[in-house]
Amino acid sequence: MSSNNIQADYILNCKGLACPMPIVKTKRAMNELNAGQVMEVQATDKGSLADFQSWAQSTGHQYLGTHHNGDVMHHYLRKANPAEVKVEQIVPLTMSHTELQTKLSGKENILLMDVREPSEFALKHIPGSKSIPLGELENRLDELNLDEEIAVICQAGARSERACQLLTGKGAKNVKSVLLGISEWGGETEGSQSI
C-alpha cells in the first residue's frame, strides 16, 4: 500500500520543529489514539524520517511509510495494540560536553559517532567524528568496533539516545549519548556553518 493512499485518523502538525520535538509531540498524541488508529505527522525536519522509523521499531507501533510533498514529509504511524507495545529502553549512560572535550583533548581511544543526516553533518560537526545517520546505522554496524568506547551525538540528544539503544541491543559494551547534542557544543567544529 502506498503511503499516498493511507487515511489518517489524526493529523499532527510538526512543521518547523527540530529534533527532538516531532517525536516528543508524537509520543503525547499517540497516547490519545485507540489501538489500530493511524496518525499522520507532518514534519520538515530532515532527520524525522529516521527518527520515526527508529521510534516505531523501539515502541512496537507500526511505521507505515512517508510521503514527500515539497519540503514537508507526511509520516504515517499506526498505534499498536497494548499487547504489541514495547517498553522503550532507557540508556542510562550519558556523557557531558566537558567529558567529551576531555576525552578528545586527551586523544583517548574513543569513537565519536554523529547520527544526524548528511546535510546536518556538512553544516557543522566536531572534527574527527564519524558520520553514520541513524537510518543507516543498523546496516553499517560492520564499520564499528562494538568493544571500544563510543560516544554518540546528534542535534539535541534524541537520535543519539535511540542509536545507543540500537548499539546496546547489538552488543556494544561502552556506549554513551552526548547530552544536549551538537546544538549546545562550545568546542571546535568544522563545516560550512562553523564559527
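The values are calculated or read from the model by the stated rules, or taken from the named source; none is laboratory data. Bear in mind the structure is a predicted one, so any value in this text is a computation, not a measurement. As a convention, Cβ positions derive from the backbone with ideal geometry for all residues, glycine included, and neighbour counts pool all protein chains shown. We work out accessible area using only protein heavy atoms, side chains counted, and drop any ligands, DNA or RNA first. Shrake-Rupley method; radii C 1.70, N 1.55, O 1.52, S 1.80 Å.
Just a few scattered comments:
- Of all residues assigned to region 43-60, none qualifies as being under 20 Å from Glu184 (Cβ atoms), in contact (Cβ under 8 Å) with a residue 40 or more places away in the chain, of a type outside the set (S, T, N, Q) and out of contact with any helix residue (DSSP H, G or I) (no Cβ under 7 Å at 6 or more places or on another chain).
- Within region 46-78, considering residues that are modelled with pLDDT of 90 or more and among the charged types (D, E, K, R), the one nearest to Val24 (Cα to Cα): Arg78
- Considering each residue of region 101-115 in turn, at least one proves to be of a type in the set (D, E, K, R) and without any contact (Cβ under 8 Å) to a residue 12 or more places away in the chain.
- Only a single criterion out of (1) open to solvent by 70 Å² or more (accessible area, probe 1.4 Å); (2) part of a helix (DSSP H, G or I); (3) closer than 23 Å to Asp45 by Cα is not satisfied by Leu180, namely (2).
- Close pairs from region 146-168: first farther than 14 Å from Glu120 by Cα, partner of a type in the set (S, T, N, Q) and in a helix (DSSP H, G or I), Cβ under 7 Å, at least 6 apart: Val152/Ser160; Arg162/Ser54; Arg162/Ser58; Gln165/Ser58
- When region 116-133 is filtered for residues that are touching a residue at least 60 places away in the same chain (Cβ under 8 Å) and open to solvent by 10 Å² or more (accessible area, probe 1.4 Å), the ones remaining, listed by number, are Glu117, Ser119, Glu120, Phe121, Ala122, Leu123, Lys124, His125, Pro127.
- Hits in region 75-85 (condition: assigned to a strand (DSSP E or B) and open to solvent by less than 50 Å² (accessible area, probe 1.4 Å)): His75, Tyr76, Leu77
- Restricting Glu143, Glu138, Glu120, Glu149 to those that are among the acidic types (Asp, Glu) and in contact with a strand residue (DSSP E or B) (Cβ under 6 Å, 6 or more places away or on another chain) reduces the list to Glu149.
- For region 40-74, the set of residues classified as open to solvent by less than 10 Å² (accessible area, probe 1.4 Å) and in a loop (DSSP other than H, G, I, E, B) consists of Gly47 only.
- Inter-residue pairs, beta-carbon under 7 Å, first at positive phi and in region 22-37, second surrounded by 14 or more Cβ atoms within 10 Å (Cβ to Cβ), 6+ apart: Gly36/Arg78; Gly36/Lys79
- Residues that are part of a helix (DSSP H, G or I), among the β-branched types (Val, Ile, Thr) and at pLDDT 85 or above within region 24-39 comprise just one, Thr26.
- Filter pass, Ser160 being closer than 26 Å to Lys25 by Cα, surrounded by fewer than 16 Cβ atoms within 10 Å (Cβ to Cβ) and among the polar types (S, T, N, Q): no
- Selection status of Gly169, out of contact with any helix residue (DSSP H, G or I) (no Cβ under 8 Å at 6 or more places or on another chain), modelled with pLDDT under 90 and open to solvent by less than 30 Å² (accessible area, probe 1.4 Å): no
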